[in-house]
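The values are calculated or read from the model by the stated rules, or taken from the named source; none is laboratory data. Every value quoted in this text rests on a predicted model; they were computed, and no experiment measured them. These area figures cover heavy atoms from the full protein model, side chains too; ligands, DNA and RNA do not enter into them. Shrake-Rupley method; radii C 1.70, N 1.55, O 1.52, S 1.80 Å.
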Amino acid sequence: MPTNIIDLTLQEHHRTKAAILVSDDGEEKNAVWLPLSQCEVAEMPGTGAARGLVLVTLPEWLAVERGLV
């Protein structure tokens, strides 16, 4: 069965070589780690690095598992 891929606009809180800590509400206390091996991360055009918004492309199952959708 094919994996559905989705795009989410998320707030980046922290990033390591292996994972990114993101939230959908901008609150670090609600943030979840996503493995960079399972997703692609791009800066949101026009938002600037100061706001920390990123576009994350990831499998739908992972977004559901981490409570992002």
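Assorted remarks:
- Any hit, the range 5-12, residues being open to solvent by 80 Å² or more (accessible area, probe 1.4 Å) and of a type in the set (Val, Ile, Thr): yes
- Restricting the range 15-41 to residues that are open to solvent by 90 Å² or more (accessible area, probe 1.4 Å) and not in a loop (DSSP other than H, G, I, E, B), the residue that is farthest from Leu55 (Cα to Cα): Lys29
- Residues that are open to solvent by 20 Å² or more (accessible area, probe 1.4 Å) and in a helix (DSSP H, G or I) within the range 42-69 comprise Gly48, Ala49, Ala50, Arg51, Glu60, Trp61, Val64, Glu65, listed in sequence order.
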